[in-house]
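The values are calculated or read from the model by the stated rules, or taken from the named source; none is laboratory data. Given the structure is predicted, the values throughout are model-derived calculations rather than measurements. Using ideal geometry, Cβ is built from the backbone for each residue, glycine included, and neighbour counts are taken over all protein chains shown.
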Amino acid sequence: NDALHLSDLFRGSAQQMGGIFGLTLPIFDGGRLNANLSIVQSNSNLNIASYNKAVVNAITDVTKGITQIQTISDQSAHQTEVVAGDQKIWSLTQMRFQAGLISGVNVAKAKLPLLAEQSKLIELHGRWIDADINLTKSLGGGYRAEATPSKS
């Protein structure tokens, strides 16, 4: 019943017969093997693309982090100069008060801009710390900035 005829060549019974005798006909598995190879190649290409995307994202995160730290450091340097200027104005106002030239209300009013500028400097310092933490995270840990921006 399981005679090997050309018309029966692709039937399951003929394949069983070949399996019994240890015979296989690999030429008829070529399509399946090529399909498996295509699947493996597609999976490999997908893995490579995923890896490349992860690398590009990591480089983008690091670049963004470095840029943020540099920008905030520059802003902090400028803000430190502003605070120093307001500090001089307030000191001069105090001297005028001690000399009896102005009232205490004017001294208090002169302190308000100084406090506002100091508040901005503190806010910039907080943003710098956040940017430093994000950069450390982007680099996978172990990174430490050389120095934080000056704080008055």
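Considering the range 112-136, and only residues there that are charged (D, E, K, R) and either at pLDDT 95 or above or loosely packed, with under 15 Cβ neighbours inside 10 Å (or both), the residue that is nearest to GLY85 (Cα to Cα) turns out to be GLU117.
I need the full set of residues from the range 45-89 which are touching a Pro at 6+ places or on another chain (Cβ under 8 Å) and free of Cβ contacts under 8 Å to residues at least 60 places away in the same chain, in order please. So that I can check it myself, show each step before the final result.
Here is the first cut: in the range 45-89, the ones touching a Pro at 6+ places or on another chain (Cβ under 8 Å) are 72-73, 76-77, 80, 86, 89.
Within the range 45-89, ASP86, ILE89 qualify.
Which one is nearest to ILE66 (Cα to Cα), of the residues in the range 103-129 that are of a type in the set (A, V, I, L, M, F, W, C) and in contact with a helix residue (DSSP H, G or I) (Cβ under 8 Å, 6 or more places away or on another chain)? Once the filter is applied, the top-ranked residue is TRP128.
So, in the range 68-90, of the ones that are acidic (Asp, Glu) and loosely packed, with under 13 Cβ neighbours inside 10 Å, which residue ends up nearest to TRP128 (Cα to Cα)? The extreme case among them is ASP74.
Within the range 37-72, if we keep just the residues that are over 20 Å from the mean Cα position of the chain (by Cα) and of a type in the set (S, T, N, Q), the residue that is nearest to THR136 (Cα to Cα) turns out to be ASN47.
Within the range 87-100, is even one residue within 30 Å of the chain's Cα centre (by Cα) and among the hydroxyl-bearing types (Ser, Thr, Tyr)? Talk me through it step by step, then tell me what you get.
Applying the first criterion (within 30 Å of the chain's Cα centre (by Cα)) to the range 87-100 yields none.
No; the residues of the range 87-100 include none that is within 30 Å of the chain's Cα centre (by Cα) and among the hydroxyl-bearing types (Ser, Thr, Tyr).
Scanning the range 96-108 for residues that are surrounded by 11 or more Cβ atoms within 10 Å (Cβ to Cβ) and either closer than 25 Å to LYS120 by Cβ or in contact with a Pro (Cβ under 9 Å, 6 or more places away or on another chain) (or both) yields a count of 3. Scanning the range 96-111 for residues that are of a type in the set (S, T, N, Q) and either part of a helix (DSSP H, G or I) or under 15 Å from ASP86 (Cα atoms) (or both) yields a total of 2.
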